[in-house]
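The structure appears below as structure tokens.
The values are calculated or read from the model by the stated rules, or taken from the named source; none is laboratory data. What you see is a predicted model, and the numbers here were worked out from it, not measured in a lab. Ideal geometry is used to build each Cβ from the backbone, glycine not excepted, and the neighbour counts take in all protein chains shown. Keep in mind that these areas ignore ligands, DNA and RNA; they rest on the heavy atoms of the full protein, side chains included. Shrake-Rupley method; radii C 1.70, N 1.55, O 1.52, S 1.80 Å.
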Amino acid sequence: SRPVARQHIRTALQSVLGELWQCHPADVTLTTAPGEPLRAQGPQALNWGVSVSHDTGLSVAAVNRHGPVGVDIVRVSTAFDWRATAHDYLGPDVASDIAALPLSAQNETFLKAWTQHEARLKCLSLGLMEWSPALHAHFSVLQTAPLDLPAEWLGTVAYR
């Protein structure tokens, strides 16, 4: 279940941060509030960014010791009508680029772009929002990288 997965990934994250900060995992506090990113507090958490993502069967965490980070994963699903979602949330250029691909590549390409969008939003501490030229400009300061995940999964990490 999602609550159990959340607890497991938070416990793992506390353990990793405790090791990195050379403290007991119980000294690492993870807090969140609706609409706010996950925050890590502890002896060395000054500018460290943390982010988590869940989907049924997998949870991941990202840590950036130099500032904000965002991570998102998705299980590759059967093809669906992604066009309106891509246009609204990823922008007309991305939607057009995906539509120009062979039909067999469109679904996975959309899902990759979706994880990039979600990871960037998380990195900027923004909730889900539709594409706009202003949002696109905010994204220009971020780097993204694909995650190395099992074959049925796609994911992206975003950072400054």
Residue pairs meeting the criteria (Cβ under 9 Å; at least 6 apart or on separate chains; first open to solvent by less than 90 Å² (accessible area, probe 1.4 Å), in the stretch 133-160; second among the acidic types (D, E) and in a loop (DSSP other than H, G, I, E, B)): G155/D148
Tally of residues being of a type outside the set (F, W, Y), in contact with a helix residue (DSSP H, G or I) (Cβ under 8 Å, 6 or more places away or on another chain) and at pLDDT below 95 across the stretch 69-82: 4
Pairs where the first residue, in the stretch 86-111, is among the hydroxyl-bearing types (S, T, Y) and the second is crowded, with 18+ Cβ neighbours inside 10 Å, C-beta under 7 Å, 6+ apart: Y89/H117; Y89/W131; T109/I98
Any hit, the stretch 45-60, residues being charged (D, E, K, R), at pLDDT 95 or above and either assigned to a strand (DSSP E or B) or buried (at least 20 other Cβ atoms within 10 Å of the Cβ) (or both): no
A40 being open to solvent by less than 50 Å² (accessible area, probe 1.4 Å) and in contact with a Phe, Trp or Tyr (Cβ under 8 Å, 6 or more places away or on another chain): yes
The stretch 112-131: number of residues that are out of contact with any helix residue (DSSP H, G or I) (no Cβ under 6 Å at 6 or more places or on another chain), free of Cβ contacts under 8 Å to residues at least 60 places away in the same chain and open to solvent by 40 Å² or more (accessible area, probe 1.4 Å): 6
Residue check, V76 buried (at least 18 other Cβ atoms within 10 Å of the Cβ), at negative phi and among the β-branched types (V, I, T): no
